[in-house]
Amino acid sequence: MADRVTVIGWDGSPLTDAARSALAATTLVAGAGHHLALPEVPAAAERIRLGSVSLAARRIAAHRGTAVVLADGDPGFFGVVRTLRAPEFGLEVEVVPAVSSVATAFARAGMPWDDAQIVVAHPRTLRRAVNVCRAHSKVAVLTSPGAGPAELGLLLEGVHRTFVICEELGTGREQVTVVTSDKAADHTWRDPNVVIVIGGPVAAPENGGWIAGRDQTAVPAAEGHGGPPSRGWALPAEEYGSEPDEGETDRMRAAQLARLGPRVGDLVWDIGSGSGAFATEAARFGAAVIAVDRDSDACARTLAAARRFGVQLQIVHGTAPHILEDLPEPDVVRVGGGGVAVVSAVADRRPERIVTHAATRDEAELIGRDLTEHGYAVECALLQSVELDTRAWTEKKRTVAFLLAGVREGRIEPPR
């Protein structure tokens, strides 16, 4: 096993005394080609070109002597330190940090980044990274070959974003380019690069933020409300400027949200968005949301609700199921209208979960049977909600509806 392993971050600045001392004493150096070409790397040291960090870690573990691993940016931030410290390698490492590539990218853009989401895009995680870019107003994407600016732009079709693309930070070939997302696929971008994705309202809160990685933009008060949106989930329909539809009460919405569990990295379809209440609350959980409605007034209400609560939605005006054909693949779907025909079309797209409601038992049976035939495990419950006047404790309103939830059978949860 290596006697000592030092991980050195490199951001293009001159190496620190600690880094130079570690390199002078090392007998093995691992890094990318531009790291191994640094003049401080001893000529007699064994050299490993860093491709797979796991393979390099095995060679380092078997090495007799001292080892240095060079990595771009801060190696403890989505970097090699995590892999090197894995129990199977038994390595204890010392770290000489550098400025992270994300911090450098935002510095080049002249922007604060405490309110930014930060994601890593590999071919297997690209779709989830894109969903974060759909849902949030400021995202930094650490890209990789096959999951770079061009791929991000292609998958963001229909959503306007601005890309700040920072190529080869810290090198003599460093370049910063600003393009709209629809133009990103027209260029060939050099690796490594970081993409800052900007869209929607981005403004610093008046008194500064207090927690990193959260949208901190102050939410404007809506006309007639006199203040910011109310605290809580499954808020009454009045909070969204509309009257509740039969079967679309806040209690039903709470149950539907609970069954779907929207989260960061997911894409949610809300078909028949109505007031925009469900779409807005799913977005407040951090998910990307596409709200669909055939009624232009409903689309306008959904947009107003999203603005009031400070969330990003993509709103599609059209009639399901036909309008769904060109939408990107969903993770979870709420069907608020359209009945069994729309539920069947959604099930053909194989989302992980589907929820809907029915007014009658016959309709619930038809929907449940269709979901079962599509390979979903179906749950159905009759939900009754009775609203009381607490002054006299008398009944004000009673609603009854069937809640149906389908979970795709054989679904294996991806790592989060």
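Per the Kirkwood formula on distinct C-alpha pairs, the Rh of segment 16-148 is how many angstrom? Kindly include the intermediate steps, with their values, before the conclusion.
Details: mean 1/r = 0.0606 Å⁻¹.
Hydrodynamic radius (Kirkwood, Cα pairs) of segment 16-148 is 16.5 Å.
Hey, can you rank 124-135, 53-64, 399-410 by average C-beta count inside 10 Å, highest first?
On the way: 124-135: 22.3, 53-64: 16.0, 399-410: 18.1.
Output ranking for 124-135, 53-64, 399-410: 124-135, 399-410, 53-64.
Given the convex hull of the Cα atoms of segment 1-87, what is a quarter of its surface area in nm²? Working shown, then result.
Values: hull surface 20.6 nm².
Orientation-averaged projected area of the Cα hull: 5.2 nm².
With the convex hull built on the Cα atoms of segment 257-313, state its orientation-averaged projected area in nm². Could you put the intermediate results ahead of the total?
On the way: hull surface 13.1 nm².
The directionally averaged projection comes out at 3.3 nm².
Per residue, how much accessible surface does the chain expose to a 1.4 Å probe? Answer in Å², no decimals. Before the final figure, lay out the partial values.
Numbers: 20420 Å² over 416 residues.
With all protein chains present, the chain gives 49 Å² per residue.
So between ARG49 and LEU366, what do we pick up on full extension, going 0.36 nm a residue minus the alpha carbon distance? Present the calculation step by step, with values, prior to reporting the outcome.
Numbers: separation 317, 0.36 × 317 = 114.12 nm, distance 5.98 nm.
Net length gain for the segment: 108.1 nm.
Once you place label points 7 Å from the Cα toward the Cβ at ASP3 and ARG173, how far apart are they in nm?
3.7 nm
Give the carbon-plus-sulfur fraction of the accessible surface of the chain in %, rounded to a whole number; probe 1.4 Å, heavy atoms of protein chains only.
Details: 10520 of 20420 Å².
The C+S portion of the solvent-accessible surface of the chain is 52 percent.
With N set to the number of residues, divide the alpha-carbon radius of gyration of segment 243-401 by 2.2 N^0.38 Å and report two decimals. Before the final figure, lay out each step's value.
On the way: Rg = 15.6 Å, N = 159, 2.2 N^0.38 = 15.1 Å.
The reported ratio for this selection is 1.04.
When we measure straight from the Cα of LYS183, which aspartates and glutamates land under 16 angstrom away, once same-chain ones fewer than 8 places off are left out?
Partners within reach: GLU151, GLU157.
So what is Rg over Rh here for segment 2-53, counting just Cα atoms and using Kirkwood for Rh? Working shown, then result.
Values: Rg = 10.4 Å, Rh = 11.4 Å.
Ratio of gyration radius to Kirkwood radius for segment 2-53: 0.91.
For segment 330-338, take each phi angle, set θ = phi - 60°, evaluate the Karplus expression 6.51 cos²θ - 1.76 cosθ + 1.60, and give the result in whole Hz per residue in order, putting x for glycine and proline.
Couplings: x, 8, 9, 9, 10, 9, x, x, x Hz.
Considering only the chain, what is the antiparallel percent among its DSSP beta bridges, to the nearest 5?
50 percent
In vacuo Debye scattering of segment 66-114, one point per C-alpha: log10 I(q)/I(0) at q = 0.25, 0.29, 0.30 Å⁻¹?
Values returned for q = 0.25, 0.29, 0.30 Å⁻¹ are -0.92, -1.10, -1.15.
Rank these by accessible area, largest first, 1.4 Å probe: ASP326, ASP3, ASP72, ASP115. Numbers along the way, then the final one.
Numbers: ASP326 145, ASP3 120, ASP72 70, ASP115 20 Å².
Result of the area sort, largest leading: ASP326, ASP3, ASP72, ASP115.
Top to bottom by accessible area (1.4 Å), largest first, where do GLU373, GLU174, GLU395 land? Write down the numbers at each step before the final one.
On the way: GLU373 140, GLU174 60, GLU395 95 Å².
Heavy-atom accessible area, descending, gives GLU373, GLU395, GLU174.
Across 20 Å bins from the origin, how do the percents of Cα pairs in the chain run, short distances first?
Once binned at 20 Å, the Cα pair distances of the chain give 23, 45, 25, 6, 0.
If you average the C-alpha positions of segment 317-342 and of segment 1-52 separately, how far apart do those two centres end up, in angstrom?
Taking the Cα centre of segment 1-52 as reference, the centre of segment 317-342 is 54 Å away.
Between segment 356-376 and segment 235-288, what's the alpha-carbon centroid distance in Å?
Each part reduced to its Cα centre gives a spacing of 20 Å.
If the chain between VAL120 and LEU36 were fully stretched, how many nm would it gain, using 0.36 nm times the residue separation less the Cα-Cα distance?
On the way: separation 84, 0.36 × 84 = 30.24 nm, distance 2.49 nm.
This chain segment gains 27.7 nm when fully extended.
For every helix of n ≥ 4 consecutive DSSP H residues, a contribution of -39,500 (n - 2.57) applies; sum these over the chain, divide by its total residues, and give [θ] at 222 nm rounded to the nearest 500 deg cm²/dmol. Intermediate results must be reported in sequence, preceding the final value.
Values: 12 runs with 110 residues, N = 416.
The per-residue figure over the chain is -7500 deg cm²/dmol.
In whole Å, what is the distance between the alpha-carbon centres of segment 101-144 and segment 70-89?
20 Å
Would you be so kind as to identify which of TRP210, ALA18, LEU50 lies farthest towards the positive end of the dipole of the chain, taking Lys and Arg as +1 and Asp and Glu as -1 on Cβ and the Cα centre as origin?
ALA18
Please give the contour-minus-distance gain from HIS160 to TRP210: 0.36 nm per residue of separation, less the Cα-Cα distance, rounded to one decimal in nm.
Working: separation 50, 0.36 × 50 = 18.00 nm, distance 2.86 nm.
Extra length from HIS160 to TRP210 when fully extended: 15.1 nm.
Could you tell me which residue out of VAL120, ASN131, THR399 lies farthest along the dipole of the chain toward its positive end? Charges go on the beta carbon: Lys and Arg +1, Asp and Glu -1, centred on the Cα centre.
Among VAL120, ASN131, THR399, the one farthest towards the positive end of the dipole of the chain is VAL120.
The values are calculated or read from the model by the stated rules, or taken from the named source; none is laboratory data. Owing to the predicted nature of the structure, the values given are computational and were not obtained by experimental measurement. For neighbour counting, all protein chains shown are included, and Cβ atoms are generated from backbone atoms with ideal geometry for every residue, glycine included. Surface accessibility is based on the protein's heavy atoms, side chains included, excluding ligands, DNA and RNA. Shrake-Rupley method; radii C 1.70, N 1.55, O 1.52, S 1.80 Å.
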